[in-house]
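Peer 1: What follows is a structure written as structure tokens; I'll ask about it next.
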Amino acid sequence: MPKLNSSQIRAALAAVPDWKKRGQAITRTFVFKDFAAAMKFVNAVARRAEKAWHHPDIDIRWNKVTLTLTTHSEGGLTEKDFELARQLDRLA
């Protein structure tokens, strides 16, 4: 999958407004009522990521889960990152 250029990235970010570009990745922090709810979300993310064969970096801090997406094989952002971001938004 080809790496997106800056105008394509800007357009793709409009569809996932809670995600922010950080370097060659996009990131979002989800906040939950407690650790158990955060872990339930992380497990759902893991299932979705396996199905998509595209895996985010995951940082868990009690009730906060930060996900970071990039396509390492392309050295930056691709449509694959934004498609998974849209799917993960629907899990929250």
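Peer 1: Collect residues whose amide H, placed 1.01 Å from N in the peptide plane, falls under 5 Å from the amide H of Thr71; neighbours closer than 5 in sequence don't count.
Peer 2: Residues meeting the amide H criterion: Gly76, Leu77, Thr78.
Peer 1: Quick check: pseudo-label points 7 Å beyond the Cα along Cα→Cβ at Ala11 and Ala36, how many nm apart are they?
Peer 2: Reported label-point gap for Ala11 and Ala36 is 4.5 nm.
Peer 1: Residue farthest toward the positive end of the dipole of the chain, with Cβ of Lys/Arg at +1 and Asp/Glu at -1: which of Ala49, Ser6, Val65?
Peer 2: Val65
Peer 1: While we're looking at this one, here's another question. Could you give each residue of region 58-65 its phi-based ³J(HN,Hα) in whole Hz, using Karplus coefficients 6.51, -1.76, 1.60 with θ = phi - 60°, and x for Gly or Pro?
Peer 2: 10, 10, 10, 10, 6, 9, 10, 10
Peer 1: Residue-wise, which Karplus ³J(HN,Hα) couplings in Hz belong to region 77-92, taking 6.51 cos²θ - 1.76 cosθ + 1.60, θ = phi - 60°, and x for glycine or proline?
Peer 2: 8, 10, 4, 4, 5, 6, 5, 5, 4, 4, 5, 5, 4, 6, 7, 6
Peer 1: Connecting C-alpha atoms closer than 10 Å in a GNM of the chain, tell me which of Asp18, Asp34, Asp59 has the biggest fluctuation.
Peer 2: Of the options given, Asp34 has the highest mean-square fluctuation.
Peer 1: Using a cut-off of 27 Å between alpha-carbon atoms, which lysines can reach Lys80, once sequence neighbours fewer than 8 places away in the same chain are excluded?
Peer 2: Here the lysines satisfying the reach criterion relative to Lys80 are Lys3, Lys20, Lys21, Lys40, Lys51, Lys64.
Peer 1: With θ taken as phi - 60° and the coefficients 6.51, -1.76 and 1.60, list the Karplus ³J(HN,Hα) couplings across region 32-48 in order, rounded to whole Hz; mark glycine and proline as x.
Peer 2: After applying 6.51 cos²θ - 1.76 cosθ + 1.60, I find 10, 5, 6, 4, 4, 5, 4, 5, 4, 4, 4, 5, 5, 4, 4, 4, 5 Hz.
Peer 1: So, one more: Quick one: in the chain, what % of C-alpha pairs are over 20 Å apart?
Peer 2: I get 31 percent for the Cα pairs in the chain exceeding 20 Å.
Peer 1: Evaluate the distance, in nm, between pseudo-label points positioned 7 Å from the Cα of Ser73 and of Trp53 along their respective Cα→Cβ axes.
Peer 2: Distance between the two pseudo-spin positions: 0.7 nm.
Read-outs throughout are calculated quantities, based only on the coordinates presented, and are distinct from any laboratory measurement. The shown structure was predicted, so the numbers you read here are calculated from the model rather than taken from an experiment. Methodologically, a virtual Cβ is constructed for each residue, glycine included, from the backbone with ideal geometry; neighbour enumeration extends over all protein chains shown.
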